[in-house]
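Okay, so here's the structure we're looking at.
Read the figures in this text as sums done on the coordinates, not as results from a lab. The structure displayed is predicted, hence computed values, not measured ones. Virtual Cβ from ideal backbone geometry, glycine too; neighbours counted across all protein chains shown.
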Amino acid sequence: MLSTTESAENIQKPATADLVSTIQESVRLHARYSLGKAWSDLSSRELFNAVALSVRDRLVERMLEIEERYRRDVPKRINYLSIEFLIGQSLGNHLHNLGIRDLYRQALSTFGADLEAVEECEEDAALGNGGLGRLAACFLDSFATLGIPACGYGINYEYGLFKQEINNGYQKEKPENWLAQGTPWEIPRPDEACLVPVYGRIEHGVDRKGGYNPMWMDWRVLIGIPHDMLISGYGGRTVSLLRLYAARSSRDFDIRIFNDGDYFKAVKQKIASETISKVLYPSDALVQGRELRLVQEYFLVACAVRDIVRRFEQHHDRFRDFPAKVALQLNDTHPALAVAELMRILVDEKDLEWEEAWTITQATLGYTNHTLAPEALEKWPVSLFESVLPRHLQIIYEINRRFLDRVSVAHPGDVERIRRMSIIEESTPNQVRMANLAMVGSHSINGVSRIHTELIKTSLAPDFFQLYPERFNNKTNGITPRRWLLKANPGLANLISSTIGEGWLTDLYRLRELESHAANAGFQAEFQRVKRSNKEKLARIVQDTAQVKVDPDSLFDIQVKRIHAYKRQLLNVMHIIDEYLSLVEDGRQPAVPRTYIFAGKAPPGYWLAKQIIKLIHNVGRVINNDLRASHWIKVAFIPDYRVSLAEKIIPAADLSEQISTAGTEASGTGNMKLALNGALTIGTLDGANIEILEEVGEENMFIFGLKAAEVRTMREQKSYRPWEDYARNPHVKRVVDSFSSNLFCPHEPDLFTWIFASVLDANDAHFHLTDFTPYVEAQEKAGETFRDRGRWIRMAILNVARMGKFSSDRTVAEYAREIWGVKGSTLLD
Amino acid sequence: MEIAVDNIDSIAVAAVPVDELDASNAGEFKRDIAPVLQANTRLVLDLSRLRFVDSSGLGAMLSCLRQLSAKSGDLKLCGMSKQVRALFELVRMHRIFDIYGTKEEAVHAFDH
């Protein structure tokens, strides 16, 4: 198993020349015959394509071998349905996983090309908004590494998450057409296209035997064309499949209308159909109620379930065996329509009795919840649902009727409980509750961190927990150490491998072996050298993208994630303002010079988040231009946060900001990525922070603030008194007053007055002023600790050493054992 | 469209003469099959050539079935491709039509 530079070169030396020559030949052939280009005319982007195609050849070989093995052994297959897969760049990841990176480096160097430069030509596949989509991508890596027969199902969005540009501190969104120049990774499979009817009405009739037969009439048909991406596992033994569907019209266009001279009318239907997979919805409230989004969700589910049933029927003829051979995991509620779709197929198409179909459906499906905010749970107006999916609404009504009968038996006369648990919400208008549908239709319901799972049981869905306690379980999220350490941080990966060997790459708990080196001066020096080098690289990126010159010796304090009220970038900014005003007005110097680095996208329709981006820029502009502060504080916002940028920022972090309001972050995975790369965490007891604390120890983190139970109590008792904090604490007052004083918006008066009002509002859902002082204290402690560089580095090493639990291999192995009942070829015990 | 009608054992067998039966030609099909429906009570529709059918096409076939049923006749279908069959199943139309593999089987079914 080859990965790091030294070992790969040493072990492969005897055959290296031949292998390098084979790679060169393969790249040349693809340039000539796949791209149709003379070598001398090849652009950088085309060279990337040729290299990627030559790597893809190897993946295809593996895929064909594995498909053959699966045909022979017919193992249980895992199907992971997700509306988002945030893949990022693939080339570097494949080269690492296949252990051929150094061979490619050598092959390209003889062409006069630099591998890193070639890798940078790749567009990020940004088919997701954030954590949920990136989790799905990490799982694909772990499926392949663990040898679990698995397929991810998603949508082949033509436009991924928007590109973020900053204009005078304001976010501007630009379309991100990642497929504009094509992608070498996808293999289109038009021969496996499937037909998806949508819209229409139900005609109530009788069948040939006189039974009730609801027929779906007047539908419109979409065609789903699968595009396969091959996902390599570490060691290259297995590849997973990511099957992304693109929507196509049922006909290219109506030739008759075209012949009549109306070309635009002829293509109108085609364009409307293809809109379905055109764009990824940003994660904001505007998604709710959007007809196109509902069609997208059904399109994904219909294509995936049809494909899954087709594969099953290739080897089996009894549907009672379906759950023994197929598991279907729903990544949040977006694919929850799978409950109704599988029932529809089993009852309508396969003629199963309702009870048998229901038993099969429940035994097959598992549901992963990702949110605790009741208002964020997906709902669809019944009228819209009926217009888009009339037959599915009928099926959901029948599921609900039978389910509520059961609730009534368990809790006779408890009308309120029935109302709460119903899949159909009685409101104006009536709504279909997708989380309830998913919970009723799945044999497993899991949260993504321990506190999150407990809050699901006690706050979000206590009625369901009482009815189905055996269904609820926790699967704390994880990240793939291949992308987030081996690829992102080669310096640290090499240091670790040269110290404890390469076992950590497939068993992250092996990092524990670093603990004995944590106090070793030589190891500390190497660790510090790697971090310093990563910080220098990031400093150049900050200079290039944010035009802020920063000192790599300063403490890099980093908050990178989607911009959202509950993630509390505002609290971070309030601390920066406090530190700045203490310096310039009180003459109080911080413990150490700091560089505050932010990155993240605001949902386009989310005004508050966009204002926070503007605030960060304006605060940065004032502080960065104040000579009194220039040695001590810098603030930078790096635009267009994405996976490939995260891979550069995270290895350079000293301090990781994980400061969400307790009880709001389901898990977080940025917290894991940063700690794995040797950042210390300043954070609240929220999401996976709690489990990180248990692993790394309280003495190696900076924990502060309200706990989830305290937040809940304050909400229930309405005991938040921000004015008291404001009146009592001059630091609080000075920071809050700065928002109404135009200090940070001299050219746009009153721009941030809303923040003054917001943080002093007793209804502030994120308790900024209660958590402000403990946060400032924790920050001071962090600063003091950073002054003692030896201590800080020792703590950072211990963080890395104790992050073994947070490998997505562990997470996926738990899903496999406890939900899906499968074993992989290399599954961890 | 020109619909060829055969007579096998006194059963009319009409071949749908297009690859795709959809909104663009379902009306034409209904118009041109009307004389066949008037002249016969027992009809087999041979769908061997059909590769794609949309809801208008299915609606046209349903209309044929209803017209024949109204005069105590019957319609049977044969020669469906896998894709067309899948669409019938998707919308539960396979439950109201008698569907056979070949036209001989469909014709023979009228006798039993």
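Could you rank the peptides A:77-85, A:396-404, B:63-71, A:224-232 by their average count of other C-beta atoms within 10 Å per residue, with the highest value first? Before the final figure, lay out each step's value.
Details: A:77-85: 26.3, A:396-404: 17.6, B:63-71: 15.4, A:224-232: 23.6.
Highest mean packing first, the order is A:77-85, A:224-232, A:396-404, B:63-71.
Check which residues have an amide H placed less than 5 Å from A:LYS163's amide H, if you skip close sequence neighbours.
A:LYS174, A:GLU176
At a Förster distance of 56 Å, what's the computed FRET efficiency of A:GLU724 paired with B:SER63, Cβ-Cβ distance as r, to 0.05? Display every interim value, and only then the final one.
On the way: r = 76 Å, r/R0 = 1.35.
About 0.15, to the nearest 0.05.
For the ranges B:39-52, A:306-319, what's the packing order if you count other beta-carbon atoms within 10 Å of each residue, average per peptide, and put the highest first? Could the numbers behind the result be given before it?
On the way: B:39-52: 19.1, A:306-319: 14.6.
The packing order, highest mean first, is B:39-52, A:306-319.
For the stretch A:286-381, report the convex hull volume of the alpha-carbon atoms normalised per residue, in Å³, without decimals. Each step should come with its number before you reach the end.
Details: hull volume 10.3 nm³, N = 96.
Per-residue hull volume (Cα only) is 107 Å³.
What is the distance in Å between the Cα centres of the stretch A:309-327 and the stretch A:481-542?
Comparing the Cα centres of the stretch A:309-327 and the stretch A:481-542, I get a distance of 45 Å.
Could you give the length gained by full extension between A:LEU608 and A:GLU515, i.e. 0.36 nm per residue of separation minus their alpha carbon distance, to one decimal place? Write down the numbers at each step before the final one.
Working: separation 93, 0.36 × 93 = 33.48 nm, distance 4.31 nm.
Result for the pair: 29.2 nm of gain on full extension.
Over the Cα atoms of the stretch A:481-806, each weighted equally, I'd like the Debye log10 I(q)/I(0) at q = 0.06, 0.12 Å⁻¹, rounded to two decimals.
One equal scatterer on each Cα of the stretch A:481-806 leads to -0.20, -0.80.
Between the stretch A:656-709 and the stretch A:97-140, how many Å separate their Cα centres?
So the two Cα centres are separated by 29 Å.
Going toward the positive end of the dipole of the protein assembly as shown, with +1 on Lys and Arg Cβ and -1 on Asp and Glu Cβ, which of A:PRO749, B:ILE99, A:ILE703 do you reach last?
Value computed over the given set: A:ILE703.
Over all directions, what mean area does the Cα convex hull of the stretch A:663-707 project, stated in square nanometres?
Working: hull surface 11.2 nm².
One quarter of the hull surface, i.e. the mean projection, equals 2.8 nm².
In peptide B:84-92, how many Cβ atoms from other protein chains are near each Cβ within 10 Å, on average?
6
For A:VAL74, put the label point 7 Å out on the Cα→Cβ axis and report which residues of the stretch A:325-367 keep their amide N under 16 Å from it.
Taking a point 7 Å out along Cα→Cβ of A:VAL74, the residues of the stretch A:325-367 whose backbone N falls under 16 Å are A:325-327.
For the stretch A:613-769, what does the alpha-carbon gyration tensor say about shape, rounded, prolate or oblate, given a ≥ b ≥ c as the root eigenvalues, a/c under 1.5 as rounded, and a/b over b/c as prolate? It would help to have the intermediate numbers written out before the result.
Numbers: a/c = 1.98, a/b = 1.11, b/c = 1.78.
Oblate is the answer for the stretch A:613-769, as a/c is 1.5 or above yet b/c matches or exceeds a/b.
Say the cut-off is 24 Å between C-alpha atoms; which of A:LYS531/A:LYS561; A:LYS174/A:LYS487; A:LYS174/A:LYS475; A:LYS567/A:LYS601; A:LYS325/A:LYS475 go over it?
On the way: A:LYS531/A:LYS561 21 Å; A:LYS174/A:LYS487 28 Å; A:LYS174/A:LYS475 36 Å; A:LYS567/A:LYS601 12 Å; A:LYS325/A:LYS475 22 Å.
Long pairs (Cα-Cα over 24 Å): A:LYS174/A:LYS487; A:LYS174/A:LYS475.
So what's the back-of-envelope 222 nm ellipticity for chain B, counting only DSSP H runs of four-plus at -39500 (n - 2.57) apiece and dividing by all residues, rounded to 500? Present the calculation step by step, with values, prior to reporting the outcome.
Working: 4 runs with 47 residues, N = 112.
Counting only the DSSP helices, I get -13000 deg cm²/dmol.
I need the calculated FRET efficiency for the pair A:GLU699 and A:ARG320, taking r as the beta carbon distance and R₀ as 41 Å, to the nearest 0.05.
E(calc), rounded to 0.05, equals 0.15.
Which whole-Hz couplings ³J(HN,Hα) result when phi for each residue of the stretch A:669-686 is put into the Karplus expression 6.51 cos²θ - 1.76 cosθ + 1.60, θ = phi - 60°, listed in order with x for Gly and Pro?
10, x, 4, 6, 4, 5, 5, 4, 9, x, 9, 8, 9, 9, x, 8, 7, 9
Return the equivalent ellipsoid semi-axes of the stretch A:60-102 as a descending list in whole Å, where each equals the square root of 5 times an eigenvalue of the C-alpha gyration tensor. Provide the component values of the computation, followed by the final result.
Working: eigenvalues 117, 74, 9 Å².
For the stretch A:60-102, the semi-axes come out at 24, 19, 7 Å.
What share of the DSSP beta bridges in chain A is antiparallel, in percent to the nearest 5? If you can, show how the numbers build up before the last one.
On the way: 38 of 83 bridges.
Counting DSSP beta bridges with both partners in chain A, the antiparallel share is about 45 percent.
Under the Kirkwood approximation applied to all pairs of distinct alpha-carbon atoms, what is the hydrodynamic radius of the stretch B:2-112 in Å?
13.7 Å
Whole Å is fine, so just give me how far the alpha carbon centre of the stretch A:343-409 lies from that of the stretch A:624-643.
Using only Cα atoms to place each centre, the spacing works out to 50 Å.
Put +1 on the Cβ of every Lys and Arg and -1 on every Asp and Glu Cβ in the protein assembly as shown; which of A:LEU455, A:GLN362, A:TYR199 then has its Cα farthest towards the positive end of the dipole?
Of A:LEU455, A:GLN362, A:TYR199, it is A:LEU455.
As a test of the definition: which semi-axes, in Å, follow for chain A when you take the square root of five times each eigenvalue of its alpha carbon gyration tensor? Largest first, please. Don't skip to the end; give the middle numbers.
Details: eigenvalues 359, 251, 141 Å².
After scaling each eigenvalue by five and taking roots: 42, 35, 27 Å.
Mind checking the log10 I(q)/I(0) for the stretch A:185-471 at q = 0.09, 0.10, 0.12 Å⁻¹? Debye, one equal scatterer per Cα, no solvent, two decimals.
-0.49, -0.60, -0.86
Hey, can you rank A:155-161, A:506-512 by average C-beta count inside 10 Å, highest first? Show your work: numbers first, answer last.
Details: A:155-161: 23.7, A:506-512: 18.6.
Most protected by this proxy first, the peptides run A:155-161, A:506-512.
Which value, in debye to the nearest 20, describes the size of the charge dipole of the protein assembly as shown about its Cα centre when Lys and Arg Cβ atoms bear +1, Asp and Glu Cβ atoms bear -1, and nothing else is charged?
Working: 114 positive and 125 negative charges, 86 e Å.
With Lys and Arg at +1 and Asp and Glu at -1, about 420 debye.
Set Lys and Arg Cβ to +1 and Asp and Glu Cβ to -1, take the dipole of the protein assembly as shown about its Cα centre, and tell me which of A:LEU372, A:VAL530, B:ALA26 lies farthest positive.
A:VAL530
Rounding to the nearest 20 debye, state how big the charge dipole of the stretch A:656-760 is about its Cα centre with +1 on each Lys and Arg Cβ and -1 on each Asp and Glu Cβ.
Values: 9 positive and 15 negative charges, 81 e Å.
Charge dipole of the stretch A:656-760: 380 debye, to the nearest 20.
In nm, to one decimal, how far is the A:SER740 label point from the A:ALA17 one, both placed 7 Å along Cα→Cβ?
Here the answer is 7.9 nm between the modelled labels.
Using a/c under 1.5 as the rounded threshold, could you call the stretch A:401-488 rounded, prolate or oblate? The axes a ≥ b ≥ c are square roots of the C-alpha gyration tensor eigenvalues, and prolate needs a/b larger than b/c, oblate otherwise. Display every interim value, and only then the final one.
Working: a/c = 3.08, a/b = 2.24, b/c = 1.37.
Since a/c reaches 1.5 and a/b is larger than b/c, the shape of the stretch A:401-488 is classed as prolate.
Please state the charge dipole magnitude for the stretch A:185-471, taken about the Cα centre, from unit charges on C-beta atoms (+1 on K and R, -1 on D and E), reported in debye and rounded to the nearest 20.
Working: 36 positive and 39 negative charges, 55 e Å.
Rounded to the nearest 20 debye, it is 260 debye.
Looking only at other chains, what is the average number of their beta-carbon atoms within 10 angstrom of each beta-carbon in A:214-222? Don't skip to the end; give the middle numbers.
Numbers: counts 3, 8, 6, 7, 6, 6, 3, 7, 0.
Mean number of neighbouring Cβ atoms from other chains: 5.
Okay, helix-only estimate at 222 nm for chain A: each DSSP H run of n ≥ 4 adds -39500 (n - 2.57), divide by all residues, round to 500 deg cm²/dmol; what do you get? Mind dumping the intermediate values first?
Details: 32 runs with 385 residues, N = 829.
Calculated mean residue ellipticity at 222 nm is -14500 deg cm²/dmol.
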